[in-house]
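Down below is the structure, laid out as structure tokens.
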Amino acid sequence: MADKTSANAYWAANVRIILISLVVWFACSFGLGILLRPALEGIHIGGADLGFWFAQNGSIYVFLVLIFVYTKVMGKVDREHGVDE
Amino acid sequence: MDQFTLNLIVVGITFAIYIGIALWARAGSTAEFYAAGQGVHPVLNGMATGADWMSAASFISMAGIIALAPAGGYEQSAYLMGWTGGYVLLALLLAPYLRKFGKFTVPEFIGDRFYSGGARLIGVICLIVISITYVIGQMRGVGVTFSRFLEVSTDMGLYIGAALVFVYAVLGGMKGITYTQVAQYVVLIIAYTVPAIFISLSLTGSFLPQLGLIGSYAPSGGEISMLAKLDSVVTELGFKAYTSETANMLNMFLFTMSLMIGTAGLPHVIIRFFTVPKVADARSSAGWSLVFIALLYTVAPAVGSMARLNLTTTFWPGAVTGSALSAPALSLADIESKPELSWVETWRHTGLLAFEDKNGDGLIQYFNEPKAVTDAGKAVTEATAALTAAAEADKPAAQATLDQANAALDAALAEAKLGDKTLAELGLRGNELTKVDNDIMVLANPEIAALPGWVVALVAAGALAAALSTAAGLLLAISSAISHDLIKGSINPNLSEKAELLWARIAMTGAIIVATWLGLNPPGFAAQVVALAFGLAAATIFPVLMMGIFSKRINKEGAIAGMLVGLIFTACYIFVYKGWFFIPGTNNLPDTAANYVLGISPLSIGAVGAVVNFVVAYVVSMVTKAPPAHVIDLIESIRVPKGAGAAQSH
């Protein structure tokens, strides 16, 4: 029974981290890259406006950082809950 | 040494490496054949996945699609975000759990999780349709690249490519393919970035193309940014600005989403994550894959924008320092005499580039002509042909028609404006650069930038590496679906491992023959079926996998209903505009933006199909019986990393 509770806690923690990560994933690509581009026209990154840069380059960098942070955080959570290999 | 010999040497060396690796990494067991024995380091697996994922479309076409998009390069960012963002979904939502599940194929998971041979069969069918669709494009890419760079016929190029894939995929299986793909990745990334670095240095002074994209334009003293320069040059010529807002934000949103969840649902991509030793490695492997993919994808927008700028300033030399129309356009005499412009003639021979001196001034004026001018110009061409073909008695009538067409064209030219002058005042008869194919932008890039011959040869080797590595990955996905899911799973469960390995090799040989035949006789709709492949992956495989992992309540009935409704909904929406089963003329509505529901193009419908799948699966599951206890145990076990052994074949 203790096993089951611990597994549920582990899964709840995992789902929470996934949801936070998905918010970041959505915000940088669909948010800054598409939906908010007209509103943020005035802000520039070098020769490109913010939305254009996020759509063509920026969101890819965020995706990369996001996956590695998720991997690291989950590695920690795995160990805390004693479910690592 | 001439260019042809150089191409032969560079391509020959890379092929020798691939075959050498295949012989060294021969697969001895089904585990090695399907999943490389789960002993591949995440970094190497990431490189192999990168090569597997980046196909002829990524390498040859993507930058050109962005560069030449009529609505501006920004709108095509959907490809850049879509084909990379899918890896976030893979890492977060699918890869670790499918690795823990510990079997070989995607249909096998669907069959076990939804305790149904029927669900598994639908999975197999979707997988085969998606993979075959994809592989046709790769075989075609191999044929075209060979014929351009090695001067053999397209068909001969295809046979050479097929033979090569046969050697290393059939012998090596996943193990051979994985290590070969690592080598192919190295070749393709060098081939893509080297020309980009040279061009970025010359246009912006930045060594990194990623910085060049947002850098300043060096030839005019660096006072204006490269993108602003590009915008001003193309708008002066009547094109939409490169950085224009999208006219249809909803469609761009859905297209990006479809490509993302389609990527995460492509079986030959998912299968890669069965190859790593541990669950934690499946997460980091998705990250490493994206590192290697991002190396190309962050360079692609720089390649696209700079190639567009280079192309425009080549045809309007005045645009380098001032406005395009401030100096005469490129002359025919220059194209013939200047060695740095020899690529114009070379590519004209391939038919991918075409020009015509319509006003007879010896110059090639490239601009965006209004549709009225295009239509009037077409009428003149037709009337001229009719006059030549007419019998003596009909000549006066034909002449009258031609005069009328010419008058109409004159009227259109007096009406249309470029800047503050009309086309008639500028002495123009229409756009004279009549064709620039998207694919030229990457393949001709080194020649446009006058780079050394070995770089040109390298690009040929890179394009072949991209097409061959993807073809091999797809063929493996097809062969495992047939031998493992269809023959062992449904027809003869008592198949020995040795017999299954033989069947896998037979299935792969068969798949290569079918793919080669389809490559030789490509269905006219090859480009359109890609929409179907992504739509299917997004609307069937991704939702069913995700629900299988994240919900304990979705049952057999829900999953089957969801997949079928998602499949039918998506396919029908595409067929309504593209023709039923892609048969020309059977479409119910014209394939133009004005006819789309809410402006959603058939390319973007996969995201809607996925939502439909989720809703149907949920509702049907709620009104039918919950899954049995052993399935609940399975779900609980895949959610926890601990205890992931080597993959099991049973």
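Under a 5 Å amide H cut-off, with hydrogens placed 1.01 Å from N, residue B:363 pairs with B:332 among residues at least 5 apart or on other chains. Projected over all directions and averaged, the alpha-carbon convex hull of segment B:255-319 occupies 6.2 nm². Taken over segment B:323-437, lysine pairs spaced eight or more positions apart, or on distinct chains, with alpha carbons under 20 Å apart number 11. Compared with the dominant Cα axis of chain A, that is its longest principal axis, helix A:59-80 is turned about 10°. Under the convention that each Lys and Arg Cβ holds +1 and each Asp and Glu Cβ holds -1, the size of the dipole of the protein assembly as shown around its Cα centre is about 2960 debye. The spacing between segment B:446-524 and segment B:112-188, judged by their C-alpha centroids, is 2 Å.
Over the residues of chain B, the helix contribution to mean residue ellipticity at 222 nm works out to -20500 deg cm²/dmol, using -39500 (n - 2.57) for each DSSP H run of at least 4. For segment B:323-437, the alpha carbon convex hull comes to 126 Å³ per residue, rounded to a whole number. Scaled against 2.2 N^0.38 Å for its residue count N, the alpha carbon radius of gyration of the protein assembly as shown is 1.00. Dimensions of chain B from C-alpha coordinates, computed as largest minus smallest value along each principal axis and given longest first, are 82, 58, 55 Å.
Amide H to amide H, with H built 1.01 Å from N, residue B:216 comes under 5 Å of B:226, counting only residues 5 or more places away or on other chains.
Round to the nearest 10 and give me the degree value, 0 to 90, for the angle of helix B:497-520's Cα axis relative to the longest principal axis of chain B. Its long axis makes an angle of about 20 degrees. In whole angstrom, segment A:13-80 maps to an equivalent ellipsoid with semi-axes of 29, 12, 7, each derived as √(5λ) from the alpha carbon gyration tensor and ordered largest first. In this structure, the residue pairs whose Cα-Cα separation is over 22 Å, taken from A:4/A:72; B:488/B:552; A:72/B:278; B:175/B:642, are A:4/A:72; B:488/B:552; B:175/B:642. Taken one residue at a time, the phi angles of segment B:403-414 give Karplus couplings (6.51, -1.76, 1.60, θ = phi - 60°) of 4, 4, 4, 4, 5, 5, 5, 4, 4, 5, 5, 6 Hz. Gly and Pro are set to x. Which angle between 0 and 90 degrees, to the nearest 10, do you get for helix B:154-165 versus the longest principal axis of chain B when only C-alpha atoms count? Around 30 degrees separate the two axes.
Values quoted throughout were computed directly from the atomic coordinates according to the rules given, and no laboratory measurement underlies them. Bear in mind the structure is a predicted one, so any value in this text is a computation, not a measurement. Note: ideal-geometry Cβ built from the backbone for every residue, glycine included; neighbour counts use all protein chains shown.
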